[in-house]
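Step one of this worksheet: look at the structure below.
What follows is calculated from the coordinates using simple rules that are stated; it is not laboratory data. The structure displayed is predicted, hence computed values, not measured ones. Cβ: placed from backbone, ideal geometry, glycine included. Neighbour counts: every protein chain shown.
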2 protein chains.
Amino acid sequence: MTETKARRRAGRPRVFDTDAALDKAVRLFWQRGYEATSMADLVAETGVAAASLYAAFDNKAGLFAAVIERYAATFSVHLYAPINDPALSTYEAVKGLLERAASSFSEPGTPAGCFMYSAAVAVSPASAAIECLLRDKRIAAEALLIERLQRGAAQGELAANTDPAVLGKFINTVMEGMSVQARDGATINELLSIAKMALDRWPAAI
Amino acid sequence: MTETKARRRAGRPRVFDTDAALDKAVRLFWQRGYEATSMADLVAETGVAAASLYAAFDNKAGLFAAVIERYAATFSVHLYAPINDPALSTYEAVKGLLERAASSFSEPGTPAGCFMYSAAVAVSPASAAIECLLRDKRIAAEALLIERLQRGAAQGELAANTDPAVLGKFINTVMEGMSVQARDGATINELLSIAKMALDRWPAAI
DNA sequence: TACCTTACAGAACGATTATTCAATAATCAA
DNA sequence: TTGATTATTGAATAATCGTTCTGTAAGGTA
């Protein structure tokens, strides 16, 4: 937590709420992707003038980077909470992750699927850096999952012949596929059946 | 097969090879997606003048529609061949599908992943029809897989308590996830391990 | 009060977008 | 050879892209 009573910066104070604007921008990039979202769209949606957005975020790529962090701090934190919950068994943690994916990917109030998986999959060479930002986040999330599975394996929660790295990649793959399914209109119940099937034959220790 | 010696249309004959141009366009849209691929890019890559492309395909959306059919007639046909092969058991067919996905999604000569899953996932409202074209293809492919599983179930190849629709959606989800994994740099061996783990969930009849 | 700093609003920027026009070229049927 | 039809080329179209400039407003500090 930064100090609430922080020294006010000199100059005219910012009038627009940064997080509120980012929340609007998150929805837009989430729905349309990076390249298909124009600065004009962002200005219209946030109600913040273009020059103000540039002053705050440098350029479109900078705004997108801030949007990624905003999404991570809100939606991703909620999605991955079971993985970081020490009270849960490894199986419960993965089950919780997939079930949250099912509900969150099909949540009516937000665009379908996961922002990290849809916002910049295929992109022009000029925006390759943008694609990379999201790819790094995806890879980091997968690593987090694999680490959790490795801890579980170390505590004897997984069958001895199970490779946590492969299992983690598999779970992550199913989740990425669930995002595509959600984009194509899959209901929460369909997503839950998919998650259930992925959890079937869980390689528990004997 | 249309007649080879078809009556020549009146007027100046087309000089550029339509399929060759479409093959180039496939790669471009596959790599960059619909919106991030400009007509200028397509002109540079195919070597065909803009006006000629418009004469042949009406507009960018029409060209993209032709590109979809070209991809379906080449890559998709190869990918789904095991599903349509009556000599294979249901298990062998699905195994063949997933293994072809693993190798084709990581094939060095082509963009990573599957065109149908990456070329237009998040798109501007103006191009919503484009997104729909691909979604319809994805849903049709899933239906094809489910039909194959239903035939297998009817022949007693699946466990009695297995819902072919759920199993098909699960297999399809894994394949969609594998496309994202391939885009993020997964090797063919990693993709094969994922496919293997999905097949471990296979509900064979007792 | 007078500075200094930052943020605002709106117009303007050059570059790029998808698309079309006008002129010419190549084939067929007569 | 003449006319009809279609393709090609290269320039030109209006609209939109991300970005920046200009002038003014709103806060601090002295």
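Pick out, from B:Ala160, B:Ala65, A:Ala126, the residue whose Cα sits farthest towards the positive end of the charge dipole of the protein assembly as shown, with +1 on the Cβ of Lys and Arg and -1 on the Cβ of Asp and Glu.
Ranked along the dipole, the leading option is A:Ala126.
Provide an ascending nm list, one decimal, of label-point separations from A:Glu147 to the equivalent residue in each further copy; define each label point as 7 Å from Cα along Cα→Cβ.
Computed spacing set for this position: 4.8 nm.
Round to a whole angstrom and tell me the spacing of the C-alpha centers of the stretch A:41-57 and the stretch A:99-138.
The two parts, judged by their Cα centres, are 22 Å apart.
Return the subset of A:Lys60/B:Lys24; A:Lys24/A:Lys137; A:Lys60/B:Lys169 for which the Cα-Cα distance in this structure is over 26 Å, preserving the input order.
Working: A:Lys60/B:Lys24 30 Å; A:Lys24/A:Lys137 21 Å; A:Lys60/B:Lys169 37 Å.
Pairs exceeding 26 Å: A:Lys60/B:Lys24; A:Lys60/B:Lys169.
How shielded is B:22-35 by partner chains, expressed as the average number of their Cβ atoms within 10 Å of its Cβ atoms? Each step should come with its number before you reach the end.
Working: counts 0, 0, 0, 0, 0, 0, 0, 1, 1, 4, 9, 9, 4, 9.
Taking all residues of B:22-35 together, the mean is 3.
Add -39500 (n - 2.57) for each DSSP H run of 4 or more in chain B, then divide by its residues: what number comes out at 222 nm, to the nearest 500 deg cm²/dmol? Show your work: numbers first, answer last.
Numbers: 10 runs with 127 residues, N = 206.
Here the helix-only value at 222 nm equals -19500 deg cm²/dmol.
Given charges of +1 on the Cβ of Lys and Arg and -1 on the Cβ of Asp and Glu, with all other atoms neutral, how large is the dipole of the protein assembly as shown about its Cα centre, in debye to the nearest 20? Can you show the working numbers first?
Numbers: 44 positive and 46 negative charges, 184 e Å.
Approximately 880 debye in magnitude.
Nearest 10 degrees is fine. How inclined is helix B:188-200 to the longest principal axis of chain B, computing both from alpha carbons?
In chain B, helix B:188-200 runs at an angle near 40 degrees to the longest axis.
What number comes out for the charge environment of B:Glu92, summing +1 per Lys or Arg and -1 per Asp or Glu over other residues with Cβ under 15 Å away? It would help to have the intermediate numbers written out before the result.
Values: positive: B:Lys95, B:Arg100, B:Arg148, B:Arg151, B:Lys196; negative: B:Asp85, B:Glu99, B:Glu157.
It works out to a net charge of +2.
How large is the dipole of chain B about the Cα centre if only Lys and Arg carry +1 and Asp and Glu carry -1, each at its Cβ, rounded to the nearest 20 debye?
Using Cβ point charges on Lys, Arg, Asp and Glu, chain B gives about 660 debye.
In what sequence do A:Ser76, B:Ser38, B:Ser179 fall when counting other Cβ within 10 Å, fewest first? List each step's numbers first, then the result.
On the way: A:Ser76 19, B:Ser38 13, B:Ser179 26.
Going from sparsest to densest Cβ surroundings: B:Ser38, A:Ser76, B:Ser179.
In nm to one decimal, list the spacings between the B:Ser52 label point and its equivalents in the other copies, with label points set 7 Å along Cα to Cβ, shortest first.
5.1
From the phi of every residue in the stretch B:33-39, what ³J(HN,Hα) in whole Hz does the Karplus formula 6.51 cos²θ - 1.76 cosθ + 1.60 yield, where θ is phi - 60° and glycine or proline is x?
Using θ = phi - 60°, the values come out as x, 5, 6, 7, 9, 8, 4 Hz.
Among rounded, prolate and oblate, which fits the protein assembly as shown when a ≥ b ≥ c are the square roots of the eigenvalues of its C-alpha gyration tensor, a/c under 1.5 means rounded, and a/b larger than b/c means prolate? Intermediate results must be reported in sequence, preceding the final value.
Numbers: a/c = 2.21, a/b = 1.03, b/c = 2.14.
Cα axes put the protein assembly as shown in the oblate bin.
Which distances, in nm and shortest first, link the A:Leu199 label point to the same label point in every other copy, taking 7 Å along Cα→Cβ?
Spacings between copies for this position, smallest first, are 2.6 nm.
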